[in-house]
1. Kindly state, to the nearest 0.05, the FRET efficiency for ALA110 paired with ALA58, given R0 = 25 Å and r defined as their beta-carbon distance.
2. Pairs to check: LYS86/LYS150; LYS69/LYS150; LYS40/LYS72. Give those whose C-alpha atoms are more than 24 Å from each other in this structure.
3. Can you work out the FRET efficiency for the pair LEU2 and GLN80, with r the C-beta to C-beta distance and R0 = 30 Å, to the nearest 0.05?
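Bear in mind these aren't lab numbers, they're just calculated from the coordinates by the rules spelled out. Small disclaimer: the values here were computed from a predicted structure and weren't measured. Every residue, glycine among them, receives a Cβ derived from its backbone with ideal geometry; neighbour counts consider all protein chains shown.
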Amino acid sequence: MLTIEDAPFVVQLVRNNKTICSGSIIAPDLVLTCAHCTLKSVDFIAYGTTRLYSARAAAAKTNTFKVMKIRKIIAHPQYQRVDSSKWSNDIAILRLRRPILPDRVAQAIALPTSRFETIECGSKVTVYGFGKVADRHEAAKDWRKREAKKSLQVMETAIQDSCWTDSRAKFIATQRENRTVCAGMSEVGYFDGF
């Protein structure tokens, strides 16, 4: 069973007391996320648990959520929506009001160094996040009807050429002594539920 200690860098972006997206702690006062998640603002982040945030869950006596308000949202200046499921420069930084104190349930993920490498098609990757998991080929209306899982999701997958309309799209990462490293796509890609 997945515990928050397995992915202490994952946070939930919350708006109107509902989780809308996931993000990664990249520094004590910074969270990396997708720009499309920040278009209608974000009220705060929730972290320190694998449970999906809701006002009801946060009010429960067994609440283990930690929350942090956001000082500023900085979306990539060239972010744009290409079509209904595709974005360009879909990246944003959330500057938090106060730093998150690192502990066993909240830690920054390593970032690629200046010497990063391209992960080729067929390479295995692990994806963490809160939300819906859907096959890219599933109809958009069917995907939107899916109910989000009530906890942090993890998916082991491989990079495949057929995932992208632009065959040049690659994932970027670096190997750091077998540590988990934050990675992303270098070019336009699809949003598949996380």
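1. Computed FRET efficiency for ALA110 and ALA58 comes out at 0.25.
2. Too far apart for the 24 Å limit: LYS86/LYS150.
3. 0.30
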